[in-house]
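Mind looking over this structure? Questions follow.
The values are calculated or read from the model by the stated rules, or taken from the named source; none is laboratory data. Values in this document were obtained by computation on a predicted structure and should not be read as measured data. Virtual Cβ from ideal backbone geometry, glycine too; neighbours counted across all protein chains shown.
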Amino acid sequence: MIRWNLHTHTTESDGDLSIGSLVRQAASEDLLGIAVTDHFPYPYRGPETVDWKVSREQLDQRLKRLEVLRANEDHLVILRGVEVEFTEPLSLLEGALRGLEVDFVLGGVHVLDRWMVDWSEAEFLRAEEFFGSLKTAILRYFEAAAELAESGLVDCLAHIDLVKKYNHRQRHFKQNSSWYVDAAVACLERVAEAGVAIELNTSGLRKPVEEMYPVGWLLRRAAELGIEVTVGTDLHRADEGVTAGLDQAELALREAGYESYLIFKDRKRREVELGGRR
């Protein structure tokens, strides 16, 4: 089984586990290491109350608490991570990250202007209100993901096809339509050119779409393009389990043609072979 989880959240942002509880649960589930990737602040101008915004002061305090845990933990490697948000302009994110000492920066696109990509199905379907059509919004989503990769600010893109979260059984758009496939593949090609990793995220198995991010054909295309991957469960709730979906993730990686995945230390890549050797 994959024994690293590079995407977890705590009560420091929108999770319900304290950092200490997360570490204890990860150790009890026999992981080798985790990255604590609580959300980092970003501007949001929409109608909903966002519960994952963390100030720089709060983040610095959390990193200090992580250092204490790291110093006293013998059985689990604890990586200092953040999940940052696509911002317009990206110079805002560049400024927020300046001087930040972490091991791993995971980048995601959850919000585009006032559109909440994955907040709720109702909010997702407001794409037409904000962009004129769902198709236009999805095309903008993949463009933003590519821009974030090309910025050089992140080590890895999280849940690259998050826009499918509420598209169970293709009820809102066809994921095999030429426009969608072309947009997703074009995004991957730009990610490959930028040299950024993507994440195999197991949380989709627990979401309405009931499949991982990215879907199998897109993961295979990433492998063909030479894009390296991290693996994370996007843990938010204690009852989800820190290892939820990691067995399925290993199978998906092998089927896509991967023989290894990445972890990060001090923003530098380290390769872990499937099967546990490093």
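In segment 186-205, what count of residues is obtained for those that are part of a helix (DSSP H, G or I) and surrounded by 16 or more Cβ atoms within 10 Å (Cβ to Cβ)?
Filtering segment 186-205 for residues part of a helix (DSSP H, G or I) gives 186-194, 202-205.
The next check asks that each one be surrounded by 16 or more Cβ atoms within 10 Å (Cβ to Cβ); those that pass are 187-188, 190-192, 194, 202-205.
Summing the residues that are part of a helix (DSSP H, G or I) and surrounded by 16 or more Cβ atoms within 10 Å (Cβ to Cβ) in segment 186-205 gives 10.
Could you grab me the full set of residues in segment 8-43 that are farther than 20 Å from His75 by Cα and not in a loop (DSSP other than H, G, I, E, B)?
Within segment 8-43, His39 is the sole residue that qualifies.
Can I ask one more? Which of (1) in contact with a Phe, Trp or Tyr (Cβ under 9 Å, 6 or more places away or on another chain); (2) in a loop (DSSP other than H, G, I, E, B); (3) touching a residue at least 40 places away in the same chain (Cβ under 8 Å) is the odd one out, the single condition Val163 does not satisfy?
(2)
So Tyr213 fits all but one of (1) surrounded by fewer than 22 Cβ atoms within 10 Å (Cβ to Cβ); (2) modelled with pLDDT of 95 or more; (3) not polar (S, T, N, Q); what number is the exception?
The number of the failed condition is (1).
Quickly run through segment 233-278 and pick out the residues that are in a helix (DSSP H, G or I), at pLDDT below 95 and farther than 20 Å from His159 by Cβ. Give the derivation first.
Applying the first criterion (in a helix (DSSP H, G or I)) to segment 233-278 yields 238-240, 246-256.
So of that shortlist, the ones also at pLDDT below 95 come out as 238-240.
Answer for segment 233-278, where residues must be in a helix (DSSP H, G or I), at pLDDT below 95 and farther than 20 Å from His159 by Cβ: Ala238, Asp239.
For segment 216-232, give me each residue that is in contact with a Phe, Trp or Tyr (Cβ under 8 Å, 6 or more places away or on another chain), of a type outside the set (Val, Ile, Thr) and not in a helix (DSSP H, G or I).
The one that is in contact with a Phe, Trp or Tyr (Cβ under 8 Å, 6 or more places away or on another chain), of a type outside the set (Val, Ile, Thr) and not in a helix (DSSP H, G or I): Glu228.
Here's something else I'd like to know. For Val272, which of the numbered conditions (1) within 18 Å of the chain's Cα centre (by Cα); (2) within 30 Å of Gly99 (Cβ to Cβ); (3) in contact (Cβ under 8 Å) with a residue 40 or more places away in the chain fails to hold?
Failing condition for Val272: (1).
Next question. Consider segment 121-154. How many of its residues are buried (at least 22 other Cβ atoms within 10 Å of the Cβ) and assigned to a loop (DSSP other than H, G, I, E, B)?
The number of residues fulfilling the criteria is 1.
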